[in-house]
Amino acid sequence: MEIPIRILIIEDSETDKELLLRELRRGGYNAEYLCVETEEAMHSALDKCEWDIIISDYSLPQFDGLSALKIAIKRNPDIPFILVSGTIGEELAVQAMKQGASDYLMKGNLKRLIPAIERELKDAQIRVQRKKTKAALKESEIRFRVLAESAPVGIFTTDNKGMTNYVNPRWTEISKLSFNEAMGNGWLKAVHPEDRDKLNSNWEQTALEHSSSKAEYRFVHPDGNVAWVIGNAVTQQDKNGNVLGYIGTITDISERKKMEAALIIEKEKAEESDRLKTAFLQNISHEIRTPLNSIVGFSRIIADADLSPEACENYATIIENSSNQLMSIIADIIQIATIEAGQEKIQENEINVNEVCTLIYDQFSADARIQNISFICNPGLEEVAAYVMSDGSKLAQVLNNLIRNALKFTKNGTVSFGYQLIGSDLQFCIEDTGIGIAPEMQTEIFKRFRQVEISPTRNFGGSGLGLAISKSNVELLGGRIWVESEIEKGAKFFFTIPYKPSRVAIVENNSVEHTLYELPNDLKILIVEDEKAVNIYLSLILKNIGKEIVHAENGFEAVEICRKRNDFDLILMDIKMPEMNGYMAVKEIRKFNKEVIIIAQTAFAISGDREKAIEAGCNYYITKPIGRIALFEMLRLYF
Ligand code: ADP
């Protein structure tokens, strides 16, 4: 079978051309050819089609073989170029080969033509194939880069020893390492110290065995944040099975880890709550049964006609005490239910904190004496200053519970309680020398049903509700509660309530008096304030400068009063009030009275309040709690 071949012949001699064609036919080739003898003709021939081979004479009348070679290489260096000449010398042949000719032949020795063509075609085929492979490789490399650069997972590659030689942008984003920092085994530095050794030895093993690997580990970022990742790597092998390196991915699983941790906490909470509920039911049933047993048992005994009146009296007292105990447990359960339903409210009245303390002291002193515990009460304010606005029964309930606990958990030593004025709060402290509370339980015990001891063989009774109720009561009163304690040394429970004095113990001093003398004593003053305690306080401190002091409880009332009379010298305007707030009231009043001095009083020194007050039409602004001297000093600016 003839082999088709396309040949461009550059030759001026018809005979030589025929000789070439004959040789080709002999070699089994069916040549499709074109014969040219000028440069232009060569160009147009090259334009026409892709030639398999070019065979050129060395010298032509209007052209020459070396120029043809140059053109051929320029146009397509892959087409083999064979120079044929009758006269070519050794030197020229070498020059032609140097310039890129594939071979040269003597016209007199055309026997070499066929083997030369065969060889050159084969070489050309290999060259073309290699080029194609190179181009395909380049294309696949570009494809890999594009994919890797935009992939949503971290990608890395290593050499066959496991040394990193590429990471994609997502990888650097997850690890917060730069490309350069990650190279070699630099990436290990960012791995969490606890994961590093295990991961490194796993990786070394993988590299040694040329196996694939999978691991979960953490990267620590420069700011201390931790990213959890899952890493996978597989070997890259050539077609003979030699390992070229590894290619792997890392996926950020921090969110999943967070969710897992949250779920574990939730699960533990649920289990804990279940355990607590069971413990609570056991306790409560024990706490209810104990007094109930006494009530039932002694009621039967009392019915016995043979009992002496003293024994009867004695048993009746036991029944009464047990009933009270039962009632208090039921009251606790009901109260916690009300608290949880958000129904618990406070009722503020004027109370005397010292009186509350005395009552509580009287209530527990007998118990303390029986227990041989010294019991001390330290009120922290003078009588007149101890009148405050608060909810007396809630305060008593908190003290009651904390002192009952102190006596319950103290075998010997002292239980003392009292309070002090610290800043704008009354801080109560109930201190005992009892069993103390371990640090890890010091916040837990304020949760409902939490007790340090939850075993069924408990030494102390109780429902575990007292501190939860106390905490909620203290918070309703506007304060906070906490404990400081050391095991076996005792406990100090603290709680605060805001100090809202209702009768002001005016501490006279020279500077106040001095300021007072400089102020007039016949001012007509309107106090706009919804808090009773503050109203009383302001009236007391203003009584020496005010000929007439009028009160309004909200903005509406204030505007109404001012509409009826325009002879006020001074208005002290609270800002936060029901119905109509202070800003709105001042704006209204300013519509018809531009003269009166209006001082805004706000509870908090929030930035912007001052500007708002002035904008609304106030002359000045003062922050609560209002100090007497500060108020007088300010009034001196206007009167
Ligand atoms: P109860 O006393 O009814 O168990 P509480 O809520 O009043 O419930 O107290 C919860 C737990 O706090 C108590 O069971 C006890 O373990 C611990 N505790 C409270 N007060 C003291 C104290 N003064 N000394 C030691 N432990 C205390």
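Points worth noting:
- Against the empirical 2.2 N^0.38 Å (N residues), the stretch 231-290 has a Cα radius of gyration ratio of 2.55.
- Student exercise, the chain dipole from Lys, Arg, Asp, Glu Cβ charges, in Debye to nearest 20: 1020 debye
- Beta bridges by DSSP in the chain, antiparallel share as percent, to the nearest 5: 55 percent
- Neighbourhood charge, 15 Å Cβ-Cβ cut-off, centred on GLN371 and excluding it, Lys, Arg +1 and Asp, Glu -1: +2
- Label point distance in nm, MET327-ASN240, each placed 7 Å from Cα along Cα→Cβ: 10.0 nm
- Residue (of GLN236, ALA438, ALA101) at the positive-pole extreme of the chain, dipole from beta-carbon charges: ALA101
- Acute angle (nearest 10 degrees) that the helix 39-48 long axis makes with the longest principal axis of the chain, alpha-carbon atoms: 50 degrees
- The angle between the Cα long axis of helix 193-209 and the longest principal axis of the Cα atoms of the chain comes to about 20 degrees, rounded to the nearest 10.
- Compared with the dominant principal axis of the Cα atoms in the chain, helix 555-564 is inclined by about 60°.
- Of LYS176/LYS214; LYS138/LYS214; LYS524/LYS594, those spanning more than 24 Å from alpha-carbon to alpha-carbon: LYS138/LYS214
- Calculated P(r) tail over 48 Å for the chain, as whole % of Cα pairs: 60 percent
- A Cα-only calculation for the stretch 291-435 places Rg and Dmax at 19.0, 64 Å.
- Cross-link pairs exceeding 22 Å between alpha carbons, from the set LYS345/LYS532; LYS70/LYS132; LYS107/LYS131: LYS70/LYS132; LYS107/LYS131.
No value in this document is a laboratory result; all are computed from the given coordinates. From a predicted model like this one, the values you see are computed outputs, not experimental measurements. Positions of Cβ are backbone-derived with ideal geometry, glycine not excepted, and every protein chain shown enters the neighbour counts.
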